[in-house]
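Worksheet: the structure to be examined is printed underneath.
The values are calculated or read from the model by the stated rules, or taken from the named source; none is laboratory data. Owing to the predicted nature of the structure, the values given are computational and were not obtained by experimental measurement. Don't worry about glycine lacking a Cβ; one is built from the backbone with ideal geometry, like all the others, and counts go over all protein chains shown. These area figures cover heavy atoms from the full protein model, side chains too; ligands, DNA and RNA do not enter into them. Shrake-Rupley method; radii C 1.70, N 1.55, O 1.52, S 1.80 Å.
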Amino acid sequence: MTALSDPDNWVAAHGDYLYRYAMMRVRDPAVAEDLVQETFLAALKGRGNFSGKSSEKTWLVGILKHKLIDQVYRSRSGVQVENIELTADLSAERFDESGHWRASLAEWSDPDRALEKDEFWRVFEACVERLPPQMARLFLLKEMDGLSGEELCKALDISTTNNAWVMLSRARMRLRDCLEANWFTGQGNGGR
Amino acid sequence: MTSCKEASDLLSASLDTRLPVARRIGLRLHLLMCKMCSRYRQQLIFLRRAAAVYAARTAPLPDETSRLPADAAQRIAQQITASR
């Protein structure tokens, strides 16, 4: 069972880590700073609730994750941005009228080796950034923060979980295409 | 009969939710017969693995964004002290 360290030390001990974590999601220094501040203040207020079962850092990251979800929710415009037409267009590109693949998928030899390469992660990140913003948020919230269908719908103002799954399928398809074009064919020789 | 287009969406959904049994069977049968969709399935599973590793990494951000700016750090530390 771990006890919390002195809160006056938290910024020095955890500030950089939380900031980096927030920056990976929000890409805006001012917003990331605000989120880090909100996280520490919430942690200060709620430190009686720390069970001691996880590490202090893990606990703080958990609070930050909730703040990040709220941030996504807050940064929505009032406009419905599901872009279902957009997702339908992509589908027409990839599949013919009888639902067959139009182009074949390349075989990726030993893809796990890519995970060890810094260059691969730059490509991966660029591919995520290329996604339409709503799709990128959806993908990141699902894969990195493990949100459920209902939570995703609430965070991103999607009307049904079915629509969320369809959009997620499109996001994954695009990512796959991007990684194939920019990494797995030509095996990291640039490809672009 | 499940088409490749349907299978691609079902494969993605199956990563996150339990498919209704009829869909699951249709998908499984399709995968037995379709090499391309089986390949897509492998690549989706890789994507998930990559995303998990990506989440765990603390790099790769350019240097100037990897540290909490000093003025922000000071301000926040003061806030914490003041709130106690």
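Can you work out the accessible area per residue across chain A, with the rest of the protein chains kept in place, probe 1.4 Å, in square angstrom?
Details: 9390 Å² over 192 residues.
With the other protein chains kept in place, chain A gives 49 Å² per residue.
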Site A:Ala3, offset 7 angstrom along Cα→Cβ, radius 17 Å on amide nitrogen, limited to region A:33-62, gives A:47-57
List the residues of region A:1-37 whose backbone N lies under 13 Å from a point placed 7 Å from the Cα of A:Lys57 along the Cα-to-Cβ direction.
A:13-21
Can you pull the Rg over Rh of region A:102-192, Cα-only, Kirkwood?
1.02
Cys residues of the protein assembly as shown counted as unpaired, since no other Cys beta-carbon is under 4.7 Å:
A:Cys153, B:Cys4
Summarise the partner chain shielding of B:31-44 as one whole number: the mean count of Cβ atoms from other chains within 10 Å of each residue's Cβ.
3
Per residue of A:25-31, other chain Cβ atoms within 10 Å number on average 1
Just tell me how shielded A:115-123 is by partners: mean number of partner chain Cβ atoms within 10 Å of each residue's Cβ, no decimals.
2
If packing is taken as the average count of other Cβ atoms within 10 Å, what order do A:143-153, A:19-29, B:71-81 fall into, highest mean first?
A:19-29, A:143-153, B:71-81
Can you work out D for the protein assembly as shown in µm² s⁻¹ from Stokes-Einstein, where Rh is the Kirkwood radius over C-alpha pairs, the temperature is 10 °C and the viscosity is 1.306 mPa s?
77
Relative contact order in percent for chain B (Cα pairs under 8 Å, 6+ apart) equals 26
Working from Cα positions, state the angle (0 to 90°, nearest 10) between the long axis of helix A:118-130 and the longest principal axis of chain A.
80
